[in-house]
Amino acid sequence: QVQLVESGGGLSQAGGSLRLSCTASGSIFSISVMGWYRQAPGKQRELVAQITSGGITNYADSVKGRVTISRDNAKNMAYLQMNSLKPEDTAVYYCHAILASKNGGPWFSFWGQGTQVSVSS
């Protein structure tokens, strides 16, 4: 049993900052990739940023230069620092992880419940 729990969402004015945290807990041997996705009303879920266990990152073009993803492998945690927020960043943000519960796999995909980020103009 694995859980991903997000925290840190909330309301911000345009130009403000928010920091999201994701904690993975349960039967975890290794986490390959951790990432953040978001889904705005009426839109498909989209990738915001992801980071491998080795620290390689990937960002959506829409957030490059404004968002930084990081992780603490020892704590099974990932973070998303969002600066210069825009109203179009308003969405539910979901934590995602690809992990294995035992040595050698198999690897599974897990999602958190999501945290709301709202940015006012």
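Working only within region 10-32, note down all residues that are open to solvent by 30 Å² or more (accessible area, probe 1.4 Å) and on the phi < 0 side of the Ramachandran plot. Result: 11, 13, 14, 17, 19, 23, 25, 27, 28, 29, 30, 32. Only residues that are without any contact (Cβ under 8 Å) to a residue 40 or more places away in the chain and either under 21 Å from residue 49 (Cβ atoms) or surrounded by 15 or more Cβ atoms within 10 Å (Cβ to Cβ) (or both) were counted across region 93-107, and they come to 0.
Within region 64-77, the set of residues being farther than 20 Å from residue 13 by Cβ and touching a Ser or Thr at 6+ places or on another chain (Cβ under 7 Å) comprises 69, 73, 76, 77.
Residues that are in a loop (DSSP other than H, G, I, E, B) and more than 30 Å from residue 105 (Cα to Cα) within region 8-35 comprise 8, 9, 14, 15, 16, 17, listed in sequence order. Evaluated against (1) free of Cβ contacts under 8 Å to residues at least 40 places away in the same chain; (2) more than 15 Å from the chain's Cα centre (by Cα), residue 66 falls short on exactly one condition, (2). Evaluation of residue 80 against the conditions (1) in a loop (DSSP other than H, G, I, E, B); (2) aliphatic (A, V, I, L, M); (3) in contact with a Leu (Cβ under 9 Å, 6 or more places away or on another chain) shows that the sole unmet condition is (1). Within region 36-63, restricting attention to residues that are assigned to a loop (DSSP other than H, G, I, E, B) and in contact with a Ser or Thr (Cβ under 7 Å, 6 or more places away or on another chain), the residue that is least open to solvent (accessible area, probe 1.4 Å) is 40. Screening 17, 84 for residues that are in contact with a strand residue (DSSP E or B) (Cβ under 8 Å, 6 or more places away or on another chain) and at pLDDT 95 or above leaves exactly one candidate, 17.
The values are calculated or read from the model by the stated rules, or taken from the named source; none is laboratory data. The shown structure was predicted, so the numbers you read here are calculated from the model rather than taken from an experiment. Neighbour counts run over all protein chains shown; Cβ positions are idealised from the backbone, glycine included. Accessible surface areas use protein heavy atoms only, side chains included; no ligands, DNA or RNA. Shrake-Rupley method; radii C 1.70, N 1.55, O 1.52, S 1.80 Å.
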